[in-house]
1. Using only Cα positions of region 55-117, each an equal point scatterer, no hydration layer, compute I(q)/I(0) via Debye at q = 0.14, 0.23, 0.24, 0.26 Å⁻¹ and quote the log10 values to two decimals.
2. Have a look at region 3-48 and give its Rg and Dmax from the Cα atoms, expressed in angstrom.
3. Relative to the longest principal axis of the chain, what angle (0 to 90°, nearest 10) does the C-alpha long axis of helix 38-48 take?
4. In whole angstrom, how far apart do the alpha carbon centroids of region 58-76 and region 79-124 sit?
5. Could you check what % of the DSSP bridge pairs in the chain are antiparallel, to the nearest 5?
6. Using alpha carbons only, what's the Rg to Rh ratio of region 22-76 with Rh from Kirkwood?
7. Please figure out what share of the DSSP beta bridges in region 55-117 is antiparallel and state it in percent, rounded to the nearest 5.
8. Can you bin the chain into rounded, prolate or oblate? Criterion: square roots of the alpha carbon gyration tensor eigenvalues sorted a ≥ b ≥ c, rounded for a/c under 1.5, prolate for a/b above b/c, oblate for the rest.
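Throughout, read-outs are computed from the coordinates displayed, never taken from laboratory work. On a predicted model such as this, the values are computed, not experimentally measured, just so you know. No Cβ is skipped: glycine too gets one built from the backbone with ideal geometry, and neighbour counts run over all protein chains shown.
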C-alpha cells in the first residue's frame, strides 16, 4: 500500500488554511489543517474533481461603458477554464441589458453552467 500526502491551500473562505490530504492507493483517508468545516470538503473536491467558477467581461455596444461584467452560475472543470473563456469572449452584447440576463445556457455543454450579466446597462 502506498500512502501519499497532497498539500492544498483552501480557497473556500478568507482563512486560507494549509491543508494536507492523505490518500492510500488513491482512496482518501484523512484531511487535516482546516479551521472550518469547508476545508475538508474543498480538499476532497480538489483532489477528485477540481472545479472553478469565475467572472470576466464581454464587449457591449450601445451602453455608457463598452464592457459588461458576466459570471458563471456554477463551476466548470478546472481543465476547461480556458475553453470556457474562449467561448464567452466570442460574445458581444447589445444594450439594454438587465442584471441576471442569461447569455449562454449550458456553457460547453455543461448542465446548469450559464453565463449571466452581473449588472444592468441602459442603452445610450
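1. For the requested q values the scattering log ratios are -0.37, -0.92, -0.98, -1.12.
2. Using the Cα atoms of region 3-48, the pair Rg, Dmax is 9.7, 32 Å.
3. Between helix and principal axis, roughly 90 degrees.
4. Going from one Cα centre to the other spans 6 Å.
5. Numbers: 26 of 29 bridges.
Here the antiparallel bridges make up roughly 90 percent for the chain.
6. Values: Rg = 18.5 Å, Rh = 14.4 Å.
When Rh is taken as the Kirkwood radius, the ratio is 1.29.
7. Antiparallel bridges make up about 75 percent of those DSSP assigns within region 55-117.
8. Values: a/c = 3.81, a/b = 2.53, b/c = 1.51.
Prolate, because a/c is 1.5 or more and a/b exceeds b/c.
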